[in-house]
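Please treat every number below as a calculation from the coordinates, not as lab data. All figures in this text were calculated on a predicted structure; none of them were measured in a lab. Don't worry about glycine lacking a Cβ; one is built from the backbone with ideal geometry, like all the others, and counts go over all protein chains shown.
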């Protein structure tokens, strides 16, 4: 058995194990990297060079800063003030949640953190004002996913870190915009399908009173300082090209020094499992790239593709795997590095690289509203007491799994048919 085949089997084994067990695929990938290196005679020093130090610093730094903001209640108050400002316009409430989740997720915490923050209020309000819980969970959840490819968000950090090694720079804004547009389209479809238009025809029915009852205390001194720190971070990273990871650590350390938030609790809330996920898989992917495993993987996918359908096929496979495995931990580190090879294998021009990467990212996150995924599970778990939980679970599962097909088709039409990437 050739070394590329062995390395590909190692990757597929890790993906399958992550789908059927709770084992962290990052730790498994690091262990498999050692085995593959022994078999292939690759020096351990070469394997360790594949550890993505820059991605680790960016992920750890940004999640550290926003964990501080979550611990001291800053993010929660931003949400409550925004919802209170709807002033009874119930029909607009799902998209208020969409854009609020998009903005907050774009600032860096990631869609899972935003889902944990917003799901309790979104699902409770949906029940109280008569909005379909399925529609609310999809639209609000998609908002968080749409922001996940911001240049300073976890998904964006991973992707731009990988594409920078390809010589593809300054694409973060385009990826972010592509995510927003495609997820807004999908959310609009869900809004129409599940009763959104009927909300415009309904009377007030006490909704204004329900929204008015939301109690929000003013930002306290520590929360105002935290808000200022977040603003400095966002402006510094986006406008002045401040290093995302080190800048977040600097601002977060200053906030912790002045006791603005409990640093110990914040560090415990950081998604260490996800960070290990990403870094471990990246080491295995880099090793596969050295010994021909990624080239073999790309060849297998290319057999079912043409230059015109490569976004469709790659998007579908990414979405299908993501329904059972982590998007940030598996799909982005495994599929993004393979994109140039896929284009070469099917004979597509290099100009299609951004379209292919966008399709992989969009489809990878699209299935995350399944109740089997973390984001979907958070919305499902927070459904109100009057909601038929069994029906909601079934409907969310059908929606989530169907997105591997629907997301691939929408991405193909948007990126390949109309060339809007």
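If a paramagnetic tag sat 7 Å from the Cα of residue 215 along the Cα-Cβ line, which residues of the range 79-112 would have the backbone N under 19 Å from that point?
79-85
How big is the convex hull of the Cα atoms of the range 153-301, per residue, in Å³? Numbers along the way, then the final one.
Numbers: hull volume 30.7 nm³, N = 149.
Per-residue hull volume (Cα only) is 206 Å³.
Taking only Cα atoms, what is the 0 to 90° angle, nearest 10, from helix 221-239's long axis to the longest principal axis of the chain?
The answer is roughly 40 degrees.
What percent of all Cα-Cα pairs in the range 376-417 falls in each 5 Å bin, counting up from 0?
Computed distribution, short to long bins: 5, 21, 21, 15, 13, 11, 8, 4, 1.
Cα axis of helix 293-302 to longest principal axis of the chain: angle in degrees, 0 to 90, nearest 10?
It is inclined by approximately 70 degrees.
Equivalent ellipsoid semi-axes for the range 138-205, as square roots of 5 times the alpha carbon gyration tensor eigenvalues: give them largest first, rounded to whole Å. Don't skip to the answer; put the middle values down first.
Numbers: eigenvalues 236, 20, 12 Å².
Whole-Å semi-axes of the equivalent ellipsoid: 34, 10, 8.
By average Cβ neighbour count within 10 Å, what is the ranking of 328-336, 6-14 from highest down? List each step's numbers first, then the result.
Numbers: 328-336: 27.1, 6-14: 19.7.
The peptides rank, most packed first, as 328-336, 6-14.
Kirkwood Rh, Cα Rg: Rg to Rh for the chain?
Working: Rg = 21.5 Å, Rh = 21.9 Å.
Rounded to two decimals, Rg/Rh equals 0.98.
So how far apart, in nm, are the two label points at residue 295 and residue 272 if each is 7 Å from Cα heading toward Cβ?
Computed distance between label sites residue 295 and residue 272 equals 4.0 nm.
Normalised by the number of residues in the chain, what is the relative contact order in percent for Cα pairs under 8 Å and 6+ residues apart? Working shown, then result.
Details: 697 pairs, mean separation 99.5, N = 421.
So the answer I get is 24 percent.
Measure off 7 Å from each Cα along the Cα-to-Cβ vector at residue 306 and residue 89, then give the distance between these two points in nanometres to one decimal.
Label at residue 306, label at residue 89, 4.6 nm between them.
Modelled label-to-label distance, residue 419 and residue 9, 7 Å Cα→beta-carbon offset: nm?
Placing both labels 7 Å along Cα→Cβ, they lie 4.4 nm apart.
Quick check: the angle from helix 154-165's long axis to the longest principal axis of the chain, C-alpha only, nearest 10 degrees?
On a 0 to 90 degree scale, this one is about 30.
For every helix of n ≥ 4 consecutive DSSP H residues, a contribution of -39,500 (n - 2.57) applies; sum these over the chain, divide by its total residues, and give [θ] at 222 nm rounded to the nearest 500 deg cm²/dmol. Kindly include the intermediate steps, with their values, before the conclusion.
Numbers: 22 runs with 297 residues, N = 421.
Mean residue ellipticity at 222 nm (helix-derived): -22500 deg cm²/dmol.
What FRET efficiency would be calculated for the residue pair residue 189, residue 43, taking the C-beta separation as r and a Förster radius of 56 Å, to the nearest 0.05? Write out the running numbers ahead of the final one.
Numbers: r = 51 Å, r/R0 = 0.92.
For residue 189 and residue 43, the calculated efficiency is 0.65.
Binning at 10 Å from 0, report for the range 84-180 what percent of all alpha-carbon pair distances ends up in each bin.
Values per bin, smallest distances first: 18, 42, 25, 11, 4, 0.
Grab the Cα-Cα distance for residue 265 and residue 80, subtract it from 0.36 nm times how many residues apart they are, and report the gain in nm with one decimal. Don't skip to the end; give the middle numbers.
On the way: separation 185, 0.36 × 185 = 66.60 nm, distance 2.24 nm.
Taking residue 265 through residue 80 to full extension adds about 64.4 nm, to one decimal.
Give me the percent relative contact order of the range 106-247, please, defined on Cα pairs under 8 angstrom at least 6 residues apart. If you can, show how the numbers build up before the last one.
Numbers: 128 pairs, mean separation 35.4, N = 142.
For the range 106-247, the relative contact order is 25 percent.
Determine, from the Cβ-Cβ distance of residue 239 and residue 1 and an R0 of 41 Å, the FRET efficiency 1/(1 + (r/R0)^6), rounded to the nearest 0.05.
0.20
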